[in-house]
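Have a look at the structure below, then the notes.
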2 protein chains.
Amino acid sequence: MAEEAAVRAQADTVRRLKQDKADPDEIAKEVAKLLEMKAQLGEDEGKHKFVLKTPKGTRDYGPKQMAIRERAFNAIISCFKRHGAEVIDTPVFELKETLTGKYGEDSKLIYDLKDQGGELLSLRYDLTVPFARYLAMNKITNIKRYHIAKVYRRDNPAMTRGRYREFYQCDFDIAGQFDPMIPDAECLKIVHEILSDLQLGDFLIKVNDRRILNGVFAVCGVPESKFIPACSTVDKLDKVPWEEVRSEMVGEKGLSPEAADRIGEYVQLHGGLELIERLLQDPKLSQNKLAKEGLGDMKLLFEYLTLFGITGKISFDLSLARGLDYYTGVIFEAVLLQQENEHVEEPVSVGSVAGGGRYDGLVGMFDPKGRKVPCVGVSIGIERIFSILEQRLEASGEKLRTTETQVLVATPQKNLLPARLKLISELWDAGIKAEMLYKKDPKLLKQLQYCEDTGIPLAAIVGEQELADGVVKLRDVATREEVRM
Amino acid sequence: MAEEAAVRAQADTVRRLKQDKADPDEIAKEVAKLLEMKAQLGEDEGKHKFVLKTPKGTRDYGPKQMAIRERAFNAIISCFKRHGAEVIDTPVFELKETLTGKYGEDSKLIYDLKDQGGELLSLRYDLTVPFARYLAMNKITNIKRYHIAKVYRRDNPAMTRGRYREFYQCDFDIAGQFDPMIPDAECLKIVHEILSDLQLGDFLIKVNDRRILNGVFAVCGVPESKFIPACSTVDKLDKVPWEEVRSEMVGEKGLSPEAADRIGEYVQLHGGLELIERLLQDPKLSQNKLAKEGLGDMKLLFEYLTLFGITGKISFDLSLARGLDYYTGVIFEAVLLQQENEHVEEPVSVGSVAGGGRYDGLVGMFDPKGRKVPCVGVSIGIERIFSILEQRLEASGEKLRTTETQVLVATPQKNLLPARLKLISELWDAGIKAEMLYKKDPKLLKQLQYCEDTGIPLAAIVGEQELADGVVKLRDVATREEVRM
């Protein structure tokens with residue numbers, strides 16, 4: 001196997017460095033790399049024929065993680081349903097050509113299926129392109145839907161930071177020709193509701209518009225062919241200072257220093273309605289048709305957000321650019337403002353927890369006649385949210401139940417299995433969540449211990465006396481109170 | 001493309017048959033085939049660059065199908081939770097070697113991913129093997145879990161009969177060393193509860209035991225090497241008469257006619273406790289260790305099922321064999337006894353709707369030291385259940401809602417968008433499921449029509465008068481009753 005050969009090569013490297021008495025830091029680095037490679041190979045599992053692991057960048061969800069996941073999903077689904085969304089599902093793979101030409105450079109991260117005869121298939125990379133394909137294929141011009149499903153990217157996973165090759169997306173989109181900014185405002189309201197509901201701490205939703213950004217580039221003297229590269233450079237402003245962004249613009253992207261400086265004056269701005277008003281009066285920007293349109297809509301958006309009462313957490317931020325090419329209007333991204341649980345040793349670096357925007361051209365790429373269906377949508381970054389919730393739960397020491405069992409059916413003496421089976425069957429048929437131990441004659445103590453371990457609040461005890469009296473003893477596991485019924 | 005060439009060839013066939021004035025039935029058959037092939041290719045979508053379709057054997061679920069799906073899932077999940085199950089999830093793909101050697105001949109149906117550098121991966125074929133891998137990898141010896149997820153088989157899809165290449169499985173399994181037949185009985189109880197709850201019509205759960213079947217083969221003089229082929233032949237008895245099964249045994253599988261006849265006497269038997277008792281007295285079978293063990297456990301199982309009160313729908317059926325190799329004890333399969341909706345033109349052929357059994361050796365195949373974890377589980381054939389529910393809904397003419405919206409916020413005059421936005425925001429914040437039209441000035445009639453189309457029961461109307469009075473008019477869409485509040 002190629003990976004085993006790579007491990008051996010790495011082991012050789014380490015050996016050589018040690019022989020050469022190389023810099024200890026360097027040795028440590030290469031040893032760490034070797035251990036990582038070995039762990040990936042699962043060699044630490046012992047000597048057996050095959051590697052017992054999940055594929056790189058993926059994980060199992062155990063019962064505890066699933067309980068957390070369900071909590072988060074419930075909050076998100078409730079919100080989507082509260083806003084009247086329908087739900088759809090699409091296959092995990094699409095025809096390869098459906099995904100072709102939609103993701104630019106990132107296309108190399110798409111998982112292809114092996115050609116086993118028949119169609120060429122790829123795993124979906126996001127839920128947006130399958131949604132657009134679904135709309136075009138079924139000639140749907142008007143829908144509000146959500147879709148929660150796994151997507152696949154052959155990225156370099158950083159699993160400790162909640163980044164995987166297989167991960168969930170929770171998407172809500174509104175498709176259709178509507179009056180401006182009403183659906184867009186609803187998407188922002190949804191982000192606000194979900195992040196508030198999940199209690200992830202303080203957050204900020206940055207908003208911008210591709211038309212404003214393109215207008216800025218135009219009035220700063222950037223040729224149209226360089227709008228997209230300029231855009232992706234601006235997008236880095238949340239991670240690196242302006243000076244670095246500027247030098248990338250001038251160096252790598254070939255903008256003139258003057259253009260870069262002029263851009264810098266704009267993209268470092270952020271604010272609210274007053275900033276929009278100021279830019280609408282800006283002598284240069286107000287002359288640009290695109291920018292003016294974008295600013296006018298942004299103003300309208302802020303009016304609606306004011307009516308929703310959520311402008312306190314919204315920032316019109318000219319540095320927001322978003323990676324994907326297909327956005328055509330409003331774009332937005334929600335970030336958590338501070339680390340929760342600062343006492344935890346390794347804080348989860350979370351970054352953005354939701355994002356989205358308007359993409360009016362994507363469906364038209366699939367329609368045979370190029371008919372457009374305007375769309376705006378939001379995607380919740382659920383994996384990062386899981387990481388935070390998981391870490392917080394661990395820090396709190398709270399014991400999360402992984403079942404919903406209400407009562408354990410128990411017996412205090414031997415030879416009472418028939419009584420337990422009869423009673424539990426009646427409970428199940430009455431819709432009561434009940435368990436029993438799969439033993440003929442379990443000790444009462446073991447049965448009560450099981451309740452404590454798994455958080456079952458009640459034990460229904462049938463002993464010889466109870467059977468004779470035709471009653472059941474109901475015991476509160478925590479208080480040890482008992483009633484006969 | 002190979003598939004386009006096939007369509008052209010088929011078109012030629014049709015043309016030739018017509019020229020030859022062939023049998024009209026034959027022509028009709030070939031035309032139907034051509035249309036089917038064209039539909040697969042999506043050629044009816046018109047002339048455009050690419051084919052607008054989902055991959056072969058897959059489908060989108062629209063809002064209506066999702067609503068049906070949710071109903072069925074809710075019934076199933078409620079039952080699993082009622083029995084105290086935890087839930088897990090595993091990646092959609094596994095290392096290829098994890099699946100190798102688990103499915104016998106069916107391995108050719110596994111979807112492989114393309115080798116893009118790194119690990120060799122395959123899409124999961126079922127949820128049982130990933131479950132066993134999960135147990136071995138995490139050294140879990142004791143768990144009761146359910147898992148609902150899609151699995152993938154490159155089978156020839158018969159989509160009208162609810163058979164797909166991508167389809168859901170709903171699995172419930174109990175792993176651990178327990179007293180005999182208690183978990184097995186619970187699995188049967190679960191099948192009984194779910195099928196009753198879904199009201200799919202009358203059903204029968206056939207039960208057998210691999211040990212009894214192997215005992216039968218042994219006492220009938222079948223060499224051990226032919227147990228598995230004999231088993232797969234017996235499995236066909238629910239579809240073809242004994243004579244055909246017998247001739248396959250003698251012809252293809254090479255059993256002696258005498259052995260086949262002796263097998264025939266056993267495998268055509270079915271019944272309940274009295275049959276078990278009779279076979280326990282059978283002079284030949286009672287001498288076989290395996291069969292005796294299996295029959296003893298079957299008797300115990302029936303005792304437990306009697307306590308559960310469900311033996312009325314259980315049949316001990318010696319012809320039940322189940323396809324998969326990994327079963328080691330009790331096996332079972334639930335079938336619907338009669339077609340629902342017999343007036344529907346094309347009745348859905350449903351076959352088995354649930355199945356499962358005991359597989360005590362599978363986890364050991366993954367454990368480096370071969371440690372076994374006994375398991376028993378059940379898989380609900382949810383796709384077939386969807387087909388039935390879908391067809392029934394269509395036949396009933398019932399209008400299924402695809403959203404849960406409780407109230408539409410509406411305005412009767414122009415320029416009241418701010419009032420609508422303010423009110424709907426308050427409703428959302430109060431947890432009320434509310435929608436509004438994404439128009440600045442929609443007509444009241446249009447708004448009420450939307451309620452009727454989508455089944456929204458209430459309209460909250462704010463007009464100029466209501467605004468002045470500080471009230472909202474709540475209108476019952478069906479009765480047209482109005483109250484001011």
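The values are calculated or read from the model by the stated rules, or taken from the named source; none is laboratory data. Only a predicted model underlies this, so the values are computations on that prediction, with no experimental measurement involved. A quick note on method: Cβ atoms are made from the backbone with ideal geometry, for glycine too, and the neighbour counts reach across all protein chains shown. Only protein heavy atoms, including side chains, enter the accessible area calculation; ligands, DNA and RNA are left aside. Shrake-Rupley method; radii C 1.70, N 1.55, O 1.52, S 1.80 Å.
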Item to check | Given A:Lys150/A:Lys372; A:Lys443/B:Lys189; A:Lys369/B:Lys53; A:Lys206/B:Lys439; A:Lys144/B:Lys446, the pairs whose alpha carbons are separated by over 20 Å | outcome: A:Lys150/A:Lys372; A:Lys443/B:Lys189; A:Lys206/B:Lys439
Checklist entry - On average, how many beta carbons from a partner chain sit within 10 Å of the beta carbon of a residue in B:438-447? => result 2
Checklist entry - Given H placed 1.01 Å from N in the peptide plane, which residues other than close sequence neighbours of B:Ser352 have an amide H under 5 Å from its amide H? => result none
Item to check | Gain in span if fully extended, B:Ser352 to B:Glu244, counting 0.36 nm per residue against the direct Cα distance | outcome: 36.8 nm
Checklist entry - Considering the alpha-carbon set of region A:187-317 alone, what are its Rg and its Dmax in angstrom? => result 15.8, 46
Next on the checklist: Using a label point 7 Å beyond Cα on the Cα-Cβ vector, give me the inter-copy distances for A:Ser107 in nanometres, one decimal, shortest first.
Outcome noted: 3.6
Next on the checklist: If you count only protein heavy atoms with a 1.4 Å probe, what accessible area per residue comes out for chain A, rounded to a whole Å²?
Outcome noted: 45
Item to check | Of A:Leu362, A:Asn74, B:Val191, farthest towards positive along the dipole that unit charges on Lys, Arg, Asp, Glu beta carbons give the protein assembly as shown | outcome: A:Leu362
Checklist outcome for this item: Ordered by number, the residues of region B:419-435 with at least 50 Å² less accessible area in the assembly than alone (1.4 Å probe) are B:Leu421, B:Trp428
Next on the checklist: List, shortest first and in nm to one decimal, how far the label point of A:Gly351 (7 Å from Cα along Cα→Cβ) is from its counterparts in the other copies.
Outcome noted: 4.6
Checklist entry - Antiparallel as a % of all DSSP beta bridges within region B:407-484, to the nearest 5? => result 55
Next on the checklist: Along the charge dipole of chain B, pointing to its positive end and built from +1/-1 on Cβ of Lys, Arg, Asp and Glu, which listed residue (B:Thr13, B:His147, B:Leu445) has its Cα farthest out?
Outcome noted: B:Leu445
Next on the checklist: Checking the a/c ratio against 1.5 first, then a/b against b/c, what shape does the Cα gyration tensor give for region A:63-396?
Outcome noted: rounded
Checklist outcome for this item: By the C-alpha gyration tensor axes a ≥ b ≥ c (rounded if a/c is under 1.5, else prolate when a/b exceeds b/c, else oblate), the shape of the protein assembly as shown is prolate
Item to check | Charge context of B:Pro183, other residues only, Cβ under 10 angstrom, K/R +1, D/E -1 | outcome: -2
Next on the checklist: Let me check I've understood the local charge: for B:Lys399, count other residues with C-beta under 12 angstrom from its C-beta, Lys and Arg +1, Asp and Glu -1. What total comes out?
Outcome noted: -2
Next on the checklist: Under 18 Å between alpha carbons, and skipping anything fewer than 8 positions from A:Lys29 in its own chain: which lysines qualify?
Outcome noted: A:Lys18, A:Lys21, A:Lys38
Item to check | Structure-based [θ]222 nm, the protein assembly as shown - -39500 (n - 2.57) summed over DSSP H runs of at least 4, per residue, nearest 500 | outcome: -13000 deg cm²/dmol
Checklist outcome for this item: Taking the axis of the rotation relating chain B to chain A, the B residue whose Cβ comes closest, together with that distance in whole Å, is B:Lys114, 3
Checklist entry - Sorted from shortest, what are the nm distances separating the label point of A:Asp23 from equivalent points in the other copies, each placed 7 Å from Cα along Cα to C-beta? => result 8.4
Next on the checklist: Once you order the gyration tensor axes a ≥ b ≥ c over the Cα atoms, which shape class does region A:407-484 get: rounded for a/c under 1.5, otherwise prolate or oblate by comparing a/b with b/c?
Outcome noted: rounded
Item to check | Accessible area that becomes buried as B packs against A, both chains, 1.4 Å probe, Å², nearest 100 | outcome: 8700
Checklist entry - So which trypsin sites (Lys or Arg not before Pro) in region A:375-414 are both in a DSSP loop and have at most 16 other Cβ atoms within 10 Å of their Cβ? => result A:Lys399, A:Arg401, A:Lys414
Checklist entry - Ignoring ligands, DNA and RNA, what percent of the 1.4 Å accessible area of region B:75-163 is carbon and sulfur? => result 47
Item to check | Charge dipole (the protein assembly as shown, unit charges on Cβ, about Cα centre) - positive-most of A:Cys220, B:Pro229, A:Thr454 | outcome: B:Pro229
